[in-house]
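Visitor: My questions all concern the structure below.
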Amino acid sequence: MSRIGKQPITIPQGVTVTVNKGTVTVKGKVGELTQAVDPDITVKVQDNNVVLERPTEQKRHRAMHGMYRSLIANMVKGTSEGYKIQQEVVGVGYKASHKGQILDLVVGFSHHIIFELPKEIKLETKTEKGSNPTIIIQSADKQLIGQVAAKIRSIRAPEPYKGKGIKFTGEQLRRKAGKAAASAAK
């Protein structure tokens, strides 16, 4: 079942991986991350690779084997390169700005939406004439950055008629025709 778990994780230059009593710590130029690993899964660092082993072929062990391998691989990539997510704020009068770790959104409500981001995430906003305002978030932690991006998107998810709202850059939205198409079909 877990072919992913059997693959070794190559450690890039500038990244150190340490294993200590069921905890894996990865340090790199972007940051430092730690992950607790189930005691049944053995994690070893050999020849510039991280290798995970499972004790039996039980379904539980096979599932954890692949999961922990993926988590550690994401930590290694995150601490060496980092993760970046871009979101667009689409709509007339919609704005995005930031001050430090506080994101200020104007997305069609009667008030500003103030969203405070965790300190592990680097925030940037761009507003260029002729294009939609863009929110750029960067972090070493893939799980955290995905969760924060989903939370930002949920503030005003894109609606299917005009596409107004906060969407990921490059995201394809399913659009609906609306009332005009229904009356034209008669």
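The values are calculated or read from the model by the stated rules, or taken from the named source; none is laboratory data. Everything numeric in this text was worked out from a predicted model, so none of it was measured. As a convention, Cβ positions derive from the backbone with ideal geometry for all residues, glycine included, and neighbour counts pool all protein chains shown. Remember, those area values only see protein heavy atoms, side chains included, never the ligands or the DNA or RNA. Shrake-Rupley method; radii C 1.70, N 1.55, O 1.52, S 1.80 Å.
Visitor: Among the numbered criteria (1) farther than 22 Å from residue 21 by Cβ; (2) in contact with a helix residue (DSSP H, G or I) (Cβ under 7 Å, 6 or more places away or on another chain); (3) β-branched (Val, Ile, Thr), which one does residue 89 miss?
Guide: Tallying (1) farther than 22 Å from residue 21 by Cβ; (2) in contact with a helix residue (DSSP H, G or I) (Cβ under 7 Å, 6 or more places away or on another chain); (3) β-branched (Val, Ile, Thr), residue 89 fails exactly one: (2).
Visitor: Restricted to region 124-133, and to residues that are touching a residue at least 12 places away in the same chain (Cβ under 8 Å) and not in a strand (DSSP E or B), which residue is surrounded by the most Cβ atoms within 10 Å (Cβ to Cβ)? Explain how you work it out, then say what you get.
Guide: Step one: filter region 124-133 for residues touching a residue at least 12 places away in the same chain (Cβ under 8 Å), giving 124-125, 127, 132-133.
Checking the rest, the ones that are also not in a strand (DSSP E or B) come to 127, 132-133.
On the way: 127: 12, 132: 17, 133: 21.
Per the criteria, the residue is 133.
Visitor: State whether one or more residues within region 70-80 are in contact with a strand residue (DSSP E or B) (Cβ under 6 Å, 6 or more places away or on another chain), within 28 Å of residue 138 (Cβ to Cβ) and part of a strand (DSSP E or B).
Guide: Within region 70-80, none of the residues are in contact with a strand residue (DSSP E or B) (Cβ under 6 Å, 6 or more places away or on another chain), within 28 Å of residue 138 (Cβ to Cβ) and part of a strand (DSSP E or B).
Visitor: Does at least one position in region 108-123 carry a residue that is open to solvent by less than 30 Å² (accessible area, probe 1.4 Å), among the small types (Gly, Ala, Ser) and not in a strand (DSSP E or B)?
Guide: no
Visitor: A further question on this structure: Could you list, in sequence order, all residues of region 69-91 that are closer than 14 Å to residue 37 by Cα and over 17 Å from the mean Cα position of the chain (by Cα)?
Guide: 69
Visitor: Name the residue that is farthest from residue 59 (Cα to Cα), counting only residues in region 1-24 that are open to solvent by 80 Å² or more (accessible area, probe 1.4 Å) and assigned to a loop (DSSP other than H, G, I, E, B).
Guide: 13
Visitor: Here's something else I'd like to know. Being open to solvent by 60 Å² or more (accessible area, probe 1.4 Å) and among the β-branched types (Val, Ile, Thr) is the filter here, so list the residues in region 45-102 that pass it.
Guide: The answer is 45, 92, 102.
Visitor: For region 155-167, how many residues meet the condition of being within 17 Å of the chain's Cα centre (by Cα) and open to solvent by 60 Å² or more (accessible area, probe 1.4 Å)?
Guide: Qualifying residue count for the region: 0.
Visitor: Sticking with this structure for a sec: Which condition from (1) among the aliphatic types (A, V, I, L, M); (2) in a strand (DSSP E or B); (3) free of Cβ contacts under 8 Å to residues at least 60 places away in the same chain is the one that residue 89 breaks?
Guide: All conditions are met except number (3).
Visitor: Also, quick follow-up: Tell me yes or no: at least one residue of region 142-156 is modelled with pLDDT of 95 or more, in a strand (DSSP E or B) and among the hydrophobic types (A, V, I, L, M, F, W, C).
Guide: No.
Visitor: Identify all residues within region 25-44 that are open to solvent by less than 40 Å² (accessible area, probe 1.4 Å) and either under 22 Å from residue 119 (Cβ atoms) or basic (Lys, Arg) (or both); write none if there are none.
Guide: If the condition is that a residue be open to solvent by less than 40 Å² (accessible area, probe 1.4 Å) and either under 22 Å from residue 119 (Cβ atoms) or basic (Lys, Arg) (or both), then 25, 26, 28, 31, 33 are the ones that fit.
Visitor: Further question: Would you be able to say whether some residue in region 134-154 is aliphatic (A, V, I, L, M), open to solvent by 40 Å² or more (accessible area, probe 1.4 Å) and farther than 28 Å from residue 29 by Cβ?
Guide: At the first step, the residues of region 134-154 found to be aliphatic (A, V, I, L, M) are 135-137, 140, 144-145, 148-150, 152.
Still in the list and also open to solvent by 40 Å² or more (accessible area, probe 1.4 Å): 150.
Going one step further and asking which of them are farther than 28 Å from residue 29 by Cβ, we end up with none.
The answer is no, given that none of the residues of region 134-154 is aliphatic (A, V, I, L, M), open to solvent by 40 Å² or more (accessible area, probe 1.4 Å) and farther than 28 Å from residue 29 by Cβ.
Visitor: Assess whether residue 61 counts as being part of a helix (DSSP H, G or I) and without any contact (Cβ under 8 Å) to a residue 24 or more places away in the chain. Spell out the reasoning first.
Guide: On the way: part of a helix (DSSP H, G or I): yes; without any contact (Cβ under 8 Å) to a residue 24 or more places away in the chain: yes.
Here the answer is yes, as residue 61 does meet what is asked.
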